[in-house]
Amino acid sequence: MRILAVDPGSKRIGIAISDPSNTIANPLTVIRHVSRVIDAAQIAQIAGEQGAGSIIVGQALDEDNQPTPGGRSAARLAQAIQAQTKLPVILWDESGSTRAAQIARRSMGTTRQKRQGHLDEIAATVILQTYLDAKNIT
């Protein structure tokens, strides 16, 4: 089963999905933040439509591996998603995902003007790929 990843944000939420073999992460979409409950319902619906077997939610951690304020918000979103679905919802360290998304966009040869856009779905892809890589090593 595929894995869905979520990069939560205060304005937009990036969504990525794995390939069927759970080897490669791909950007899927961006949804606009409305409220935690509505966002969770949308994410659960997308997971169902995509045939996901689990949902990964990116959580920012500080240097002591403790959730940042954004990380605590991500945990609350994960709880709301869990209330909307029977799929496992897993928090995963998203530290550096936005920076990695910026680097990836630059390495793809994207023009400076286009790089100024949102990175939400790419950051979700980075989060998911780090999860997939970690799971495939063990």
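The values are calculated or read from the model by the stated rules, or taken from the named source; none is laboratory data. All values derive from a computational prediction rather than experimental measurement. Neighbour counts are summed over all protein chains in view; Cβ atoms, including those assigned to glycine, are modelled from backbone coordinates with ideal geometry.
Here are the numbers for this structure:
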item: Elements of type strands (runs of 3 or more DSSP E) contained in segment 1-98, each with 1 or more residues being under 15 Å from residue 131 (Cα atoms) and either over 14 Å from the mean Cα position of the chain (by Cα) or basic (Lys, Arg) (or both); result: 2-7, 52-59
item: Tabulated pairs, segment 48-64, first closer than 18 Å to residue 18 by Cβ, second aromatic (Phe, Trp, Tyr), C-beta under 8 angstrom, 6+ apart or interchain; result: 56/92; 56/131; 57/92; 58/92
item: Meets criteria (of a type outside the set (S, T, N, Q), touching a Phe, Trp or Tyr at 6+ places or on another chain (Cβ under 8 Å) and at pLDDT 95 or above) for residue 56; result: yes
item: In segment 5-30, the residues that are buried (at least 18 other Cβ atoms within 10 Å of the Cβ) and either within 18 Å of residue 71 (Cα to Cα) or β-branched (Val, Ile, Thr) (or both); result: 5, 6, 7, 8, 9, 13, 14, 15, 17, 30
item: Selected residue (only one of 83, 101 is out of contact with any Ser or Thr (no Cβ under 7 Å at 6 or more places or on another chain), at pLDDT below 75 and not β-branched (Val, Ile, Thr)); result: 101
